[in-house]
Amino acid sequence: MKVDVIFFKNVLNLNEEDFALYGEMIDELNELRKIKDFSLYGCALSYKDIVIEKIKFSGLFSLSERKYIKFIKKYVSILSKIMGDSLKFGNLDISYNYLIGCYENKGEILKRLDKLLELGICDFTLIPEANAFSYESGYCGQLYFEIDKVDNSRRGFFTDGKIEIKDQDYLLNDSFGSRYESHSRIYDIYVAEVEEANYVLQYTTNRLSYMRHVSMQIKDLMFDIDTLPTLEELQNGVFPESVICAIEPLQEAVEKKQDYVDAVYDIDSMNDMAKRLLSMCEYYTRQCELTRCKKEAKAIKQKICILKGLYDDICALGDSLTNECFENDLMDGKELDKALTRKKWDSNSHCCC
């Protein structure tokens, strides 16, 4: 359920008499919502007509509009205090019983709502205690931290719970269903799990364009306020300290892996070039034997032997490098093959551009 922070603040700031009247209003509204074709949006428009634009009631109003108008006129004093010039009626979905609990502790909750507004968070999603926190889009809804080295952007989250970085051999699904490795020199992605959390504040920042997106999920409004980031930390996409400590050694391992992938890829490229050169020389030698002097063909064959020796040296170097990679437990053959395939695909894509 989406909750508008200012609307929620306005409800909690009502005095006891108005808060009790708000409860009566919610009961009556719930009865109205049982009527066919009733809509909160239509009710909000009627509120705009009567309270904001001061349109006088007339017989031209439809039957449903008359029901809205009767309701609004009865509770106009409360609606004016909680809505003002806004047309956001959505928070009327929050049960009054839930609000009573919040009202009894409104001092502390208002302190947290004010902090959210300081961070530029105007709404949040209130989720049941049993529900899992999830990312709003991409990666199958999983929570994660990402460093994008192309546009210098970051994605991550803050929470008052315990963050655990998952096994980084894990492969991610993007929103289009394609699969790719968690790490490269372009992207570093760290999938995470959260335990014992009351909130998760997710963000996306782009340091080049100064754009950012923030969303928040809350289970318990009495979350630990001291775990919220500062506005500067949120704008800069700073990772929580525990996450930085957890991913630092992983980042070093990624760099080592990528060094091996780059070296093996370069050697494979040299092998391909050597193969093509050998093939061309052998073809030219056969043509010489058929159409030109055999002495010239013999001279070329001697040079081919030197080229074959160079090719064998390159193959041996490639084997030595891959064996070293396996012996250091950086990657197994399957992971190395996938990384090489991806690098080859990326290289071909850049060439096409």
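The values are calculated or read from the model by the stated rules, or taken from the named source; none is laboratory data. Nothing here was measured: the structure is a model prediction, and the numbers come from that model. We place every Cβ from the backbone using ideal geometry, glycine too, and count neighbours over all the protein chains shown. All accessible areas refer to the heavy atoms of the entire protein, side chains included, with ligands and DNA or RNA removed. Shrake-Rupley method; radii C 1.70, N 1.55, O 1.52, S 1.80 Å.
Could you put Lys298, Lys166 in order of accessible surface area, largest first, with the 1.4 Å probe and the full protein assembly present?
Lys298, Lys166
Could you order Leu321, Leu310, Leu336 so the one with the most accessible surface comes first? Probe is 1.4 Å.
Reading off the accessible areas and sorting them downward yields Leu310, Leu321, Leu336.
With every protein chain left in place, what is the accessible area of Asp272 in Å² (1.4 Å probe, nearest 10)?
Ignoring ligands and nucleic acids, Asp272 comes out at about 70 Å².
For Ser153, enumerate residues with amide H under 5 Å from its amide H, sequence gap 5+ or separate chain, H modeled in the peptide plane.
It is Asp148, Arg207, by chain and number.
Identify all lysines with a Cα-Cα distance to Lys2 below 17 Å; exclude those on the same chain that are fewer than 8 residues away in sequence.
Straight-distance partners of Lys2: Lys88, Lys219.
Please calculate the 1.4 Å probe accessible area of Met331, with all protein chains present, and give it to the nearest 10 Å².
10
Report, ordered by chain and residue number, the aspartates and glutamates lying within cross-link reach of Lys81, taken as a straight Cα distance under 14 Å and ignoring same-chain residues fewer than 8 apart.
Filter leaves Glu16, Glu17, Asp18.
As a quick test, which of the pairs Lys36/Lys67; Lys149/Lys338; Lys9/Lys115; Lys256/Lys338 have an alpha carbon distance above 19 angstrom in this structure?
Lys149/Lys338
Taking a 1.4 Å probe, which of Cys102, Cys281, Cys122 shows the most accessible area, and what order do the others take after it?
Correct descending sequence by accessible area is Cys122, Cys281, Cys102.
Could you work out how far apart the two model spin labels at Glu193 and Phe326 are, taking each label as a point 7 Å from the Cα in the direction of the beta carbon, and quote it in nm?
Placing both labels 7 Å along Cα→Cβ, they lie 3.2 nm apart.
For Arg154, what accessible surface area do you get with a 1.4 Å probe? Give it in Å², rounded to 10.
60
If a paramagnetic tag sat 7 Å from the Cα of Lys301 along the Cα-Cβ line, which residues of segment 244-285 would have the backbone N under 12 Å from that point?
Within reach of a label on Lys301, which here means backbone N under 12 Å from a point 7 Å along Cα→Cβ, segment 244-285 contributes 285.
Compute the Kirkwood hydrodynamic radius of segment 211-276, taking the inverse of the mean of 1/r over all pairs of distinct Cα atoms, and give it in Å to one decimal.
Kirkwood radius, segment 211-276: 16.4 Å.
How far, in nm, would the chain grow between Asn271 and Leu250 when pulled straight, counting 0.36 nm per residue and subtracting the alpha carbon separation?
4.4 nm
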